[in-house]
Amino acid sequence: MASEVEYESILCVKPDVNVYRIPPRASNRGYRAADWKLDTPDWTGRMRITAKGKVAYIKLEDKVSGELFAQAPVEEFPGIAVETVSDSSRYFVLRIQDDNGRSAFIGVGFGDRGDSFDFNVALQDHFKWVKQENEIKSSQAADSGPKLDLGFKEGQTITLNIGQGKKRDKPRPQSSGGLGLLPPPPGGKIAPPPPSNHNTVQPSGGAQTECLLELDSSNSNTVVQSNPSSDLWGDFSSSASTVPPPASRQEPSSGNWVQF
């Protein structure tokens, strides 16, 4: 399979650019344009920025003949191939290379800030496009891998059971006070309340109530009658007959009373 043909495209052209010989960098603080001889540039010509594939080329050419003076291949930006200076936005340091691979660092400068802005934008746009191309190729490589086949094979069927699931018990509502009521026992019946006896007649205060107290005594049985009063006396249970009777006396003024 033949490889793709790469064409050279022109990104930017600036007709006036100055080239300077720069001293070696003494420290890591960066280059300063004030250290150069800005009034006497070593060469003057035009700059043409081209791109071939992913690599950009900064070419310094003669204004009249177009003869190549030097070129700087740029594989990434910002990077070592193009560096800015610390004291100006119109001057840059380029790493130029010849056909034998030898490299050197030179200084370039623009007379107008607009030209230096266009120089920066041209390089930024190119490498932004390179980044997008790399992302597209990475996504295509991921999509070209084996995919999971979720389709039905020939003769394969699937069965769905709808409406046969186990019913869930509904939660029982709680009272507004937050205290749940106990449910009635299963299968049980609630007994009706006992009927009220409307035929019971309450004894009046003036009626005489007779109470018979049977005491199990070997000597005698005493019958006690209550005098007319508002207190009611009931029959004692048969269990009280097993208790020995206490001494009793009758008071002549209040009738027959039994003292226990």
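The values are calculated or read from the model by the stated rules, or taken from the named source; none is laboratory data. Note that the coordinates shown come from a computational prediction; the quantities given were computed from them, not determined experimentally. Positions of Cβ are generated from backbone atoms using ideal geometry, with glycine treated the same way; all protein chains shown enter the neighbour counts. With ligands, DNA and RNA removed, areas are computed over all heavy atoms of the protein, side chains included. Shrake-Rupley method; radii C 1.70, N 1.55, O 1.52, S 1.80 Å.
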- Task: Starting from the Cα of residue 6, step 7 Å toward the Cβ, then list every residue of the range 32-75 with an amide N under 17 Å from that point.
- Result: 49-59, 71-75
- Estimated distance in nm for a label pair at residue 112 and residue 28, the labels positioned 7 Å out from Cα along Cα-to-Cβ: 3.9 nm
- Heavy atoms only, probe 1.4 angstrom, no DNA, RNA or ligands counted: give me 149, 118 ranked by accessible area, highest first. 149, 118
- Burial-style ranking of 49-55, 134-140, average other-beta-carbon count within 10 Å with highest first, yields 49-55, 134-140
- Too long for a 27 Å Cα-Cα cut-off, among 14/52; 63/128; 37/131; 14/54; 37/59, are 63/128; 37/131
- Loop-resident sites, the range 7-60, for chymotrypsin sites (Phe, Trp or Tyr not before Pro), counting at most 11 other Cβ within 10 Å (DSSP): 7
- Note on the structure: So, with points 7 Å from each Cα along the Cβ direction, the residue 154-residue 134 label distance in nm works out to 4.7 nm
